[in-house]
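Peer 1: One structure, pasted below without further comment.
Every number here is computed from the coordinates shown, using simple stated rules; none is lab data. If you're wondering where the values come from, they're calculated on a predicted model, not measured in any experiment. A quick note on method: Cβ atoms are made from the backbone with ideal geometry, for glycine too, and the neighbour counts reach across all protein chains shown.
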Amino acid sequence: MTDYLVDTNHVSKILEGEKKLKSQLQKAKGTGDIFGISMTILGELYYAAYASQRKKENLARLKAFLNSVVLWEYDHLAAEEFGWIQAEQKAKGKPIPPSDAQIAAVARLHNLTILSNDRHFTFVRNLSVDNWLSP
């Protein structure tokens, strides 16, 4: 059983109806895997919906999606983990975007595997990353 934090790039494909990804997600849920997003990802998803040409439709899809996933908070402990990650990445000379460091912090804090096609997550130590969008 694995707990996944689904990054924005994977969620957007799910919301678009990507059949292969949705099928893989349903199969994994059937084996007891848990899927969720962080507050940072939720903000990115709301931004995408409000900036789109089909706000009402995209907000309805997002709301339906939210009923099927866990929402992991970005709290005080996650903020501290964020600070550690940013400092570690700076020391290695491999900084990552602050929003992705927040996502990584929530994932590392809760021992979640990030589903993302963003390669820079692999630079963060003690972070499990998988990409279900690769061919």
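Peer 1: Going through the stretch 1-97, which GluC sites (Glu not before Pro) have at most 16 other Cβ atoms within 10 Å and a DSSP loop state?
Peer 2: Glu16, Glu18, Glu73
Peer 1: If you line up the long axis of helix 39-50 against the longest principal axis of the chain, both from Cα atoms, how many degrees apart are they, to the nearest 10?
Peer 2: With rounding to tens, the tilt is 40 degrees.
Peer 1: Please go through the stretch 58-135 and write out the trypsin sites (Lys or Arg not before Pro) that DSSP classes as loop and that have at most 12 other C-beta atoms within 10 Å.
Peer 2: Arg125
Peer 1: Quick check on the stretch 4-57: take the gyration tensor over C-alpha atoms, sort the square-rooted eigenvalues as a ≥ b ≥ c, and tell me if it's rounded (a/c under 1.5), prolate or oblate.
Peer 2: Oblate is the answer for the stretch 4-57, as a/c is 1.5 or above yet b/c matches or exceeds a/b.
Peer 1: Using helices alone, what [θ] at 222 nm do you get for the chain, with -39,500 (n - 2.57) per DSSP H run of 4 or more residues, divided over all residues and rounded to the nearest 500?
Peer 2: Helix contribution divided over all residues of the chain: -17000 deg cm²/dmol.
Peer 1: Another one. Classify the chain as rounded, prolate or oblate, taking a ≥ b ≥ c as the square roots of the eigenvalues of its Cα gyration tensor: rounded when a/c is under 1.5, otherwise prolate if a/b is larger than b/c and oblate if not.
Peer 2: prolate
Peer 1: Please count, across the chain, the pairs of lysine residues with Cα atoms under 17 Å apart that sit 8 or more places apart or on different chains.
Peer 2: For the chain, qualifying lysine pairs total 9.
Peer 1: Relative contact order for the chain using alpha-carbon pairs under 8 Å, separation at least 6, rounded to a whole percent?
Peer 2: That works out to 30 percent.
Peer 1: Let me ask another. So what's the angle, to the nearest 10 degrees on a 0 to 90 scale, between helix 55-66 and the longest Cα principal axis of the chain?
Peer 2: The two axes meet at around 70 degrees.
Peer 1: Compute the long axis of helix 76-92 from its Cα atoms, compare it with the longest principal axis of the Cα atoms of the chain, and write down the angle in degrees, 0 to 90, nearest 10.
Peer 2: For 76-92 against the chain, the angle is about 60 degrees.
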